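Worksheet: the structure to be examined is printed underneath.
The values are calculated or read from the model by the stated rules, or taken from the named source; none is laboratory data. Just so you know, these numbers come straight off a predicted model, no measurement behind them. With ideal geometry, Cβ positions are generated from the backbone for all residues, glycine too; neighbour counts draw on all protein chains shown.
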Amino acid sequence: MNLNLSKPIAFFDLETTGVNVASDRIVEISILKVMPDGTKEIKTKRINPTIPIPLQSSEVHGIYDKDVENEPTFKAIAKSLADFLKDCDLAGYNSNKFDIPVLVEEFLRADVDFDLKNRRFVDVQNIFHQMEQRTLKAAYKFYCGKDIKNAHSAQADIEATYEVFLAQLERYDGVEIEDKKGNKIVPVKNDIKALHEFTNINKNADLAGRIVFNENGVEVFNFGKHMGKPVEQVLKEEPSYYAWMMNGDFPLYTKKVLTEIKLRSAFGK
């Protein structure tokens with residue numbers, strides 16, 4: 001199928017040092033530019049982010065500090081990149097929430113005017129999520145082939161959830177997938193411990209995800225100016241941060257976990 005285009009559209013994807021739009025940097029960009037006549041041009045470029053790439057990010061995209069140490073910085077290629085994207089609409093997967101904001105931040109840091117006016121954005125993930133609904137009703141129809149009776153009553157919903165779960169165990173028994181590191185795994189098993197590991201994608205120390213475990217099992221902050229830093233280290237170097245969080249609008253359980261870490265650190269456990 002040929003796209004019906006009135007102007008070029010650039011499908012692009014970024015590999016980055018992390019997922020914080022404000023502070024993380026691009027380490028690789030790949031752009032597929034489609035012209036109204038159907039011709040395509042693709043460009044891929046690795047970039048020196050000028051900051052260390054965390055190991056957990058490198059393990060996802062396979063790009064390490066040594067791989068980009070001799071590559072140009074974003075500032076060095078910003079003007080030519082902006083020229084390549086001139087007059088293009090923008091598209092990607094989860095691009096509205098992540099790729100476009102990160103790209104714009106990089107252009108701003110490089111003092112290159114990348115005007116978003118008159119550009120249209122197409123997020124392929126949003127098409128997927130809206131056309132293939134992920135509601136309990138949709139899951140029940142997909143896995144069980146039935147409609148929920150008395151939907152949105154607690155009992156009907158939880159009975160449907162249980163049926164969906166049993167159907168998932170049956171459907172995915174022995175099904176192999178590839179994890180983020182490229183390893184072949186069979187994740188869905190009739191084993192609660194294994195399912196706990198598979199479904200808890202974010203390794204939260206608290207329930208809200210404000211404090212998470214890093215790749216070494218150490219609690220680190222997952223927001224704000226100390227994002228990625230060990231909680232114990234921050235509380236030691238900036239004791240007032242504890243008081244700020246305890247007096248702030250954070251969940252009680254987050255405060256409970258924070259206090260446990262503070263006490264553990266104080267008593268050297």
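Of the helices (runs of 4 or more DSSP H) lying entirely inside the stretch 33-151, those containing at least 2 residues that are surrounded by 12 or more Cβ atoms within 10 Å (Cβ to Cβ) and among the charged types (D, E, K, R) are 65-68, 74-84, 100-109, 136-144.
Table: residues versus (1) among the polar types (S, T, N, Q); (2) farther than 30 Å from R210 by Cβ; (3) at pLDDT 95 or above.
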| residue | (1), (2), (3) |
| --- | --- |
| S23 | yes, no, no |
| V27 | no, no, yes |
| S30 | yes, yes, yes |
| K66 | no, yes, yes |
| R109 | no, no, no |
| D113 | no, yes, no |
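Residues of the stretch 206-223 that are part of a strand (DSSP E or B) and among the aliphatic types (A, V, I, L, M): I211, V212, V220.
Of the listed requirements (1) within 24 Å of L5 (Cβ to Cβ); (2) in contact (Cβ under 8 Å) with a residue 60 or more places away in the chain; (3) within 24 Å of the chain's Cα centre (by Cα), D87 misses just one: (3).
Let's see how each residue does on (1) more than 30 Å from I53 (Cβ to Cβ); (2) aliphatic (A, V, I, L, M):
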position	(1), (2)
Q155	yes, no
E163	yes, no
I177	no, yes
P230	no, no
Q233	no, no
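Taken together, I192, I185, I148 contain a single residue that is touching a strand residue (DSSP E or B) at 6+ places or on another chain (Cβ under 7 Å) and free of Cβ contacts under 8 Å to residues at least 60 places away in the same chain, which is I185. Scanning the stretch 219-233 for residues that are surrounded by fewer than 19 Cβ atoms within 10 Å (Cβ to Cβ) and either aromatic (F, W, Y) or touching a helix residue (DSSP H, G or I) at 6+ places or on another chain (Cβ under 8 Å) (or both) yields a total of 3. Filtering the stretch 256-269 to residues that are more than 25 Å from the chain's Cα centre (by Cα) and part of a helix (DSSP H, G or I) leaves K256, T259, E260, I261, K262, L263, R264, S265, A266. Scanning the stretch 1-32 for residues that are in a loop (DSSP other than H, G, I, E, B) and hydroxyl-bearing (S, T, Y), we see that the one that is nearest to D87 (Cα to Cα) is S6. Per the conditions (1) assigned to a loop (DSSP other than H, G, I, E, B); (2) closer than 29 Å to E59 by Cβ; (3) not polar (S, T, N, Q), the sole criterion not satisfied by H196 is (1).
Note on the stretch 66-87: residues that are touching a helix residue (DSSP H, G or I) at 6+ places or on another chain (Cβ under 8 Å) and either among the polar types (S, T, N, Q) or farther than 30 Å from R119 by Cα (or both) total 0.
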